[in-house]
Amino acid sequence: MAYIRRTIEPKILQVSREYACLLLTGPRQVGKTTMLEHLMEGTDRTKVSLDNVEERKLAKTDPALFLEIHPAPLLIDEVQYAPELFSYLKIKIDNGAVPGSYWLTGSQAFRLMDLAQESLAGRTAILHMSALSQGELYSDGATSTFSIDLSALHARKTQLASASPLQMYERIWQGAMPGHRSGKFTDRDVFYSSYIQSYIDRDVTDMIPGVDKLQYADFIRATACRAGQMLNVHDIAQDVGVSDDTAKRWLAVMEKSGVIFYLRPYSNNLLKRTVKTPKMYFFDTGLVAYLTKYSSPEILMNGALNGAVLENYAVAEIIKTYHNDAKDCFLHYYRDKDANEIDLVIESDGELHPLEVKKSTNPGSELASAFKILDKSSVPRGVGAILCLREELTAIDRNTYIIPIWMI
């Protein structure tokens with residue numbers, strides 16, 4: 001099994017030289033612990049996992065003793081299981097813990113950020129780690145934040161490996177989970193089946209005591225069928241036979257544990273008729289393809305979800321480039337009550353950059369016709385783009401590029 005270099009590694013080392021505590025969040029099994037263990041090789045840092053029942057019990061009942069038995073520099077894995085530790089970490093930091101003393105990881109990002117902001121505000125660096133990016137899988141991982149800038153796009157063209165349409169769907173179908181893509185677990189179906197079981201047993205039951213595990217598994221599948229689409233809670237609830245309120249609670253658990261995320265619609269005071277409903281995406285398209293029972297990349301490429309899953313992939317890849325550079329991603333979509341729609345809107349450097357995601361190798365200028373809607377906004381419209389399956393970078397005009405999705 002080969003270790004896959006992660007783009008975020010230099011940022012981890014940088015903040016560890018400046019902050020006494022680093023909190024690294026992200027979905028289960030995206031490689032947080034593996035990366036940190038790689039970075040601590042040859043150092044005197046030790047690791048303790050709160051998956052260990054005895055260690056977890058000590059951390060919860062006597063946090064002070066736990067930190068005495070495990071002195072800094074220390075990596076605490078799955079720290080969300082012992083929130084009692086946070087106030088004692090605060091004491092250690094306030095008493096002069098040196099930069100890099102504590103590395104914390106966990107797979108319940110919202111809960112951890114609340115705990116950190118409550119007890120460690122101003123004392124810890126909070127970074128988010130995603131599943132493997134295209135740059136990590138198909139180059140040396142040294143790519144930068146995605147940008148609609150011609151010089152940056154030319155740089156990406158030399159850094160990333162090009163892909164045909166079928167190769168893109170191979171990437172989508174295989175997913176981006178390190179356990180599978182590193183070669184540790186070669187059977188994709190067994191890997192994702194085990195992932196779902198582990199996620200429900202460890203995360204879902206922790207947040208929803210007494211949950212019907214089989215029904216929740218059906219709920220995840222029903223949700224996957226709607227990846228890349230506007231959220232319709234009632235439809236998902238009906239598919240599974242639960243109430244709308246239960247579906248809302250269960251979706252909240254999926255969001256808190258990083259399995260799904262939302263894009264909010266873009267609006268401002270000059271755009272009055274925008275919708276309020278978010279669009280829902282999965283953090284990993286391999287999981288979507290597994291849950292929706294597509295048995296090969298070829299079948300997925302020609303299936304009913306081919307456009308939605310391609311959009312999900314593009315959105316997730318854009319966000320990964322921001323996370324890997326420890327930057328906030330101001331990404332939205334646009335839709336109004338007149339049915340004008342723009343798949344993605346990136347707000348960056350005081351401009352709005354509209355993007356359409358299309359399963360096409362030769363997109364036409366009509367696909368960018370909705371971009372002019374943003375001219376009504378108080379924020380100026382910048383260069384936009386069509387993200388598609390074309391293999392070469394080109395343009396419709398000076399204001400609209402055609403960017404291959406392999407270049408994200």
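Kindly check whether there is at least one residue in the stretch 121-131 that is β-branched (Val, Ile, Thr), in contact with a strand residue (DSSP E or B) (Cβ under 6 Å, 6 or more places away or on another chain) and either at pLDDT 90 or above or in the same structural domain as His180 (by TED's automatic domain parsing) (or both). Within the stretch 121-131 (the criterion being β-branched (Val, Ile, Thr), in contact with a strand residue (DSSP E or B) (Cβ under 6 Å, 6 or more places away or on another chain) and either at pLDDT 90 or above or in the same structural domain as His180 (by TED's automatic domain parsing) (or both)), the answer is yes, since at least one residue qualifies. If the condition is being surrounded by fewer than 18 Cβ atoms within 10 Å (Cβ to Cβ), in contact (Cβ under 8 Å) with a residue 40 or more places away in the chain and part of a helix (DSSP H, G or I), then the stretch 222-250 contributes only Arg249. Of the residues making up the stretch 104-127, those that are surrounded by 22 or more Cβ atoms within 10 Å (Cβ to Cβ), within 16 Å of the chain's Cα centre (by Cα) and assigned to a strand (DSSP E or B) are Thr105, Gly106. Within this structure, Pro63 passes the test of being in contact with a Phe, Trp or Tyr (Cβ under 6 Å, 6 or more places away or on another chain) and either of a type in the set (Phe, Trp, Tyr) or at pLDDT 95 or above (or both).
Might you check whether a residue that is in contact (Cβ under 8 Å) with a residue 40 or more places away in the chain, more than 18 Å from Ala227 (Cβ to Cβ) and under 18 Å from the mean Cα position of the chain (by Cα) occurs anywhere in the stretch 306-321? Checked the stretch 306-321: at least one residue is in contact (Cβ under 8 Å) with a residue 40 or more places away in the chain, more than 18 Å from Ala227 (Cβ to Cβ) and under 18 Å from the mean Cα position of the chain (by Cα). Scanning the stretch 39-68 for residues that are surrounded by fewer than 15 Cβ atoms within 10 Å (Cβ to Cβ) and either assigned to a helix (DSSP H, G or I) or touching a Lys or Arg at 6+ places or on another chain (Cβ under 9 Å) (or both) yields a total of 8.
Consider the stretch 182-195. How many of its residues are free of Cβ contacts under 8 Å to residues at least 60 places away in the same chain and in a helix (DSSP H, G or I)? So the count comes out to 3.
Report yes if some residue within the stretch 69-82 is farther than 18 Å from Thr124 by Cα and of a type in the set (Gly, Ala, Ser); otherwise report no.
The answer is no; no qualifying residue exists.
Conditions tested, residue by residue: (1) of a type in the set (Phe, Trp, Tyr); (2) assigned by TED's automatic domain parsing to the domain that holds Ala224; (3) modelled with pLDDT of 95 or more; (4) touching a strand residue (DSSP E or B) at 6+ places or on another chain (Cβ under 8 Å).
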{"site": "Ala247", "(1), (2), (3), (4)": "no, yes, yes, no"}
{"site": "Arg273", "(1), (2), (3), (4)": "no, yes, no, yes"}
{"site": "Thr277", "(1), (2), (3), (4)": "no, yes, yes, yes"}
{"site": "Leu291", "(1), (2), (3), (4)": "no, yes, yes, no"}
{"site": "Ala316", "(1), (2), (3), (4)": "no, yes, yes, yes"}
{"site": "Arg335", "(1), (2), (3), (4)": "no, yes, no, yes"}
{"site": "Val345", "(1), (2), (3), (4)": "no, yes, yes, yes"}
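Scanning the stretch 150-167 for residues that are part of a loop (DSSP other than H, G, I, E, B) and within 23 Å of the chain's Cα centre (by Cα) gives Leu160, Ala161, Ser162, Ala163.
Across the stretch 251-266, the number of residues qualifying as of a type outside the set (D, E, K, R), farther than 10 Å from Pro27 by Cα and in contact (Cβ under 8 Å) with a residue 40 or more places away in the chain comes to 5. Among the residues of the stretch 285-303, is any part of a loop (DSSP other than H, G, I, E, B), touching a Gly at 6+ places or on another chain (Cβ under 6 Å) and under 16 Å from Met177 (Cβ atoms)? No; the residues of the stretch 285-303 include none that is part of a loop (DSSP other than H, G, I, E, B), touching a Gly at 6+ places or on another chain (Cβ under 6 Å) and under 16 Å from Met177 (Cβ atoms).
State all residues of the stretch 251-284 that are surrounded by 19 or more Cβ atoms within 10 Å (Cβ to Cβ) and assigned to a loop (DSSP other than H, G, I, E, B); if no residue qualifies, say none. Of everything in the stretch 251-284, those that are surrounded by 19 or more Cβ atoms within 10 Å (Cβ to Cβ) and assigned to a loop (DSSP other than H, G, I, E, B) turn out to be Ser257, Gly258, Val259, Tyr266, Phe283, Asp284.
The values are calculated or read from the model by the stated rules, or taken from the named source; none is laboratory data. These figures come from a predicted structure and were not determined experimentally. Glycine gets a Cβ as well: all are built from the backbone with ideal geometry, and neighbour counts include every protein chain shown.
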